[in-house]
Amino acid sequence: MSTVYTRRLSKELAEIQTETKPPIGIRLLKADDFETWIFEIEVLGDSLYRGERFGLKFRFDNSYPFSAPAVQFVVDSGMKAPVHPHVYTNGHICASILGDDWSPTLSVMAVCITIQSMLASCKRKELPEGNDTYVRTAPDNPKKTHFVYDDDTSPFPSNRV
Amino acid sequence: MDMETFSQDPSTTSKGKGKSYEVEYETLSQKLVEELMQADVEHISAIFGVDSATAALLLRHMDWNKDRLIDKFMDNASSVNVAAGVTPASPASSPGPDRSRRSTRTTTKSLKKAEPAPTPQPFVCPICFDDSQVETLALVCGHKFCTGCWGAYVSSKIREEGEHRIICMGENCSVVAPDPFILRALDDDAETAARFQELVVRNFVASNKNLKFCPFPSCTNTVSCPAAASRSTLTTIVPTVVCGADSRHKFCFGCPIEGDHRPVLCAVSKMWLQKCHDDSETANWIKSNTKECSKCQSTIEKNGGCNHMTCKKCKYEFCWVCMGPWVEHGTAWYSCNRFDDKAGVEARDAQSASRASLERYLHYYNRWANHEQSAKLSVELYVKTEKKMEEMQLTTDLTWIEVQFMKKAVDEVEKCRTTLKWTYAMAYYLAKGNEKELFEDNQRDLEKAVEDLSELLESPIEPENIPTLRQKVTDKAVYVSKRNQILLEDTAQGYLEDRWRWNVAVEGFD
Ligand SMILES: [Zn+2]
Ligand SMILES: [Zn+2]
Ligand SMILES: [Zn+2]
Ligand SMILES: [Zn+2]
């Protein structure tokens with residue numbers, strides 16, 4: 001399984017760096033190893049996040065790609081999470097693609113694009129309901145949180161385990 | 001001692017005696033549940049003319065509701081098949097005519113659909129990008145991946161996510177892998193295959209109101225209790241069951257409480273536990289393990305389960321729970337269990353009313369917590385005693401059998417303290433009146449008997465006093481067991497006769 005994980009990430013990295021350029025607004029900031037990658041996400045065109053730049057952090061282990069990577073916004077080194085009804089101030093994101101709807105045929109870039117369009121289509125800049133409670137009790141790894149996806153209304157996180 | 005409550009004959013599966021505080025139930029091994037499940041699968045397979053793997057997917061999709069499945073299937077079989085993941089959503093999206101489940105041929109398709117390959121190229125698995133993999137598997141949708149990736153995916157779903165419904169890895173594909181496919185993907189990973197089987201059984205059990213999985217970790221037994229399957233019966237019975245794998249696997253069939261919460265109804269138990277949870281900070285101090293002697297103020301630590309305390313310094317004898325002199329507890333008017341409501345009379349303004357209500361709660365909570373603690377302490381004490389008795393067995397001519405009486409008595413004490421603990425939750429919610437007084441009489445009698453036995457169990461053991469001690473302990477244990485039965489029987493009868501009145505609204509009562 002670990003060979004799949006490294007071969008797969010090498011292949012994805014090669015595609016990002018050379019073969020096919022990432023879509024506009026998505027830029028690779030760091031991928032020194034197969035544990036943590038960081039991308040810069042910017043929403044271009046007409047959106048509530050015009051001019052803002054966010055860091056999107058991926059954490060992998062050897063269960064990738066059979067299990068989703070742990071994905072969250074960077075909330076240190078001067079960066080902040082976007083104000084969005086599905087994004088907690090600790091950077092955790094409630095998106096079904098990172099949980100129940102993850103499929104091994106998806107990729108790091110597919111996640112970046114999904115998150116970018118999630119921001120692009122946002123109509124109101126507001127925090128998720130229960131942000132403070134969640135942030136106070138949330139586990140470090142967002143994958144430990146079992147989010148209930150409820151499309152356009154607020155997500156209802158509950159801690160697994 | 002009541003032997004009926006101790007003996008667990010493993011060959012019989014039917015439990016529950018003719019007592020009104022016991023419920024009739026059966027324990028089923030995982031194998032027996034699998035047989036029940038298989039019977040449903042075969043039934044559906046015969047009616048629909050499909051293979052059993054397909055029938056299983058259809059049943060799981062309908063939460064094992066056969067009637068509903070038959071209805072829906074007769075109405076629109078193809079939409080049920082799609083919803084259950086038996087067939088792909090739209091046949092047009094299926095890539096190519098190759099619908100074989102397993103293909104050892106390499107494919108001519110390249111990853112990038114845009115450029116049709118003019119010459120045959122090796123199959124590159126779109127997940128691992130390994131082109132040396134020649135063995136592939138695909139579900140009915142035709143989405144092909146190498147067997148290594150299928151194995152890793154299926155295993156990750158089962159082991160990491162506890163999922164038995166495994167959908168195709170293809171993007172936006174909702175075809176579900178039937179059991180034979182899963183077993184093939186897992187190849188020779190017997191451990192994961194067993195975990196998968198357990199998940200399937202759990203799904204079946206969870207869908208059936210008559211069944212409940214034993215909540216104890218790594219236990220795979222199931223209890224069948226049709227008598228407690230409907231919520232309305234929970235206003236008249238407390239369905240305590242034992243899974244059969246282990247006599248400690250005692251749980252409530254009617255609610256998530258692990259353990260025996262008789263004589264208190266599920267709904268009332270839930271209210272009480274919620275209250276304890278909400279008020280835990282206020283009540284925490286009371287659980288403290290040390291107190292001061294009310295006479296000489298020296299610190300006293302409780303180290304046994306008995307509530308009869310003697311201050312080491314001044315020899316003052318008192319009750320650990322109410323801190324009152326123990327002499328009073330030895331007489332007929334033992335009244336440590338009853339809450340003295342005089343504070344209620346003085347409660348004229350809101351502030352003293354809320355203080356009175358807190359005091360009332362603490363009265364019950366204190367006793368509740370104490371029985372819980374004492375039950376634990378008696379078990380700890382027993383472990384020490386047992387060691388001592390084993391030593392004695394070596395140094396004296398006492399046989400192993402002769403030193404066993406303590407074990408049964410300790411078990412009885414633990415069991416009765418659990419009953420007592422819950423009687424305080426019951427009394428907290430019982431409306432004042434004759435019935436409550438009778439309940440508290442039974443509670444007091446049991447409590448007194450348990451305290452006596454507890455004290456006896458803590459008395460010093462010397463080889464020469466063992467025969468006498470044994471007689472005393474055995475007699476007391478029989479009496480305690482009888483008091484426990486009387487209390488449980490009377491409470492259970494009260495439910496059946498609708499005799500109990502509550503001071504709050506209880507779910508299921510008008
Ligand atoms: Zn593969
Ligand atoms: Zn598929
Ligand atoms: Zn069990
Ligand atoms: Zn219950």
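Read-outs: derived from the displayed coordinates by stated rules, not from any lab. Only a predicted model underlies this, so the values are computations on that prediction, with no experimental measurement involved. Positions of Cβ are backbone-derived with ideal geometry, glycine not excepted, and every protein chain shown enters the neighbour counts.
Counting Cβ atoms of other protein chains within 10 Å of each Cβ in B:123-130 and taking the mean gives 4.
Students often get this wrong, so check it: of B:LYS19/B:LYS448; B:LYS313/B:LYS482; A:LYS11/B:LYS144; B:LYS19/B:LYS387; A:LYS80/A:LYS123; B:LYS209/B:LYS436, which have C-alpha atoms separated by over 29 Å?
Working: B:LYS19/B:LYS448 24 Å; B:LYS313/B:LYS482 37 Å; A:LYS11/B:LYS144 19 Å; B:LYS19/B:LYS387 37 Å; A:LYS80/A:LYS123 19 Å; B:LYS209/B:LYS436 34 Å.
In this structure, B:LYS313/B:LYS482; B:LYS19/B:LYS387; B:LYS209/B:LYS436 exceed 29 Å between Cα atoms.
Segment A:48-97 to segment B:188-254: how many Å between their Cα centroids? Answer, in whole Å: 40. For A:LYS125, a cut-off of 15 angstrom between C-alpha atoms picks up these aspartates and glutamates, skipping any fewer than 8 places away in its own chain: A:ASP46, A:GLU52, A:ASP152.
Take B:ARG501, project a point 7 Å from its Cα along the Cβ direction, then tell me which residues of segment B:397-428 have their backbone nitrogen under 17 Å from it. Taking a point 7 Å out along Cα→Cβ of B:ARG501, the residues of segment B:397-428 whose backbone N falls under 17 Å are B:427-428.
Before anything else, pin down the relative contact order of segment B:377-510: Cα pairs under 8 Å, at least 6 apart, normalised by residue count, whole percent. Don't skip to the answer; put the middle values down first.
Details: 93 pairs, mean separation 43.2, N = 134.
Contact order relative to length: 32 percent.
I'd like to compare B:261-269, B:25-33: which one has the highest average count of other Cβ atoms within 10 Å, and what's the full order after that?
Details: B:261-269: 24.2, B:25-33: 18.6.
My ranking of the peptides, most packed first, is B:261-269, B:25-33.
Ranked by how many other Cβ atoms sit within 10 Å of their own Cβ, fewest first, the residues B:CYS146, B:CYS219 fall in the order B:CYS219, B:CYS146.
With +1 on each Lys and Arg Cβ and -1 on each Asp and Glu Cβ, and nothing else charged, work out how big the dipole of segment B:377-510 is about its Cα centre, in Debye to the nearest 20.
Roughly 100 debye, rounded to the nearest 20.
A dipole drawn for chain A from +1 and -1 charges on Cβ atoms has a positive end, and of A:TYR134, A:ILE24, A:SER103 the residue lying farthest that way is A:ILE24. Who wins for biggest fluctuation among A:PRO23, A:PRO128, A:PRO142 in a Gaussian network model of chain A, springs between alpha carbons below 10 Å? The residue with the greatest mean-square fluctuation here is A:PRO23.
When chain A is modelled as a GNM with alpha-carbon springs shorter than 10 Å, which of A:ARG27, A:ARG136, A:ARG53 fluctuates the most? Of the options given, A:ARG136 has the highest mean-square fluctuation.
Taking the beta-carbon count within 10 Å as an exposure proxy, list B:LEU36, A:LEU56 from fewest neighbours to most.
Details: B:LEU36 18, A:LEU56 24.
Fewest-to-most ranking of B:LEU36, A:LEU56: B:LEU36, A:LEU56.
Compute the relative contact order of segment A:3-144 as a whole-number percentage, counting only Cα pairs closer than 8 Å that sit 6 or more residues apart in sequence. Reported as a whole number, the value is 21 percent. Peptide A:61-68 has a mean of 4 when you count, residue by residue, the C-beta atoms of other protein chains within 10 Å of its C-beta. Counting only other chain Cβ atoms within 10 Å of each residue's Cβ, the peptide B:149-156 averages 5.
Ranked for footprinting exposure by Cβ neighbours inside 10 Å, fewest first, B:SER481, A:SER103, B:SER52, B:SER79 give B:SER79, B:SER52, A:SER103, B:SER481.
Once you've got the GNM for chain A with C-alpha springs shorter than 10 Å, pick whichever of A:GLY99, A:GLY130, A:GLY55 has the biggest mean-square fluctuation. Evaluated over chain A, the most mobile residue of the options is A:GLY130. Principal axis extents of the Cα atoms in segment A:3-144, from largest to smallest and rounded to whole angstrom, are 41, 35, 29. Given segment B:377-510 reduced to its alpha-carbon atoms as identical point scatterers, what log10 I(q)/I(0) does the Debye formula return at q = 0.10, 0.18 Å⁻¹? So the normalised log intensities work out to -0.43, -0.93.
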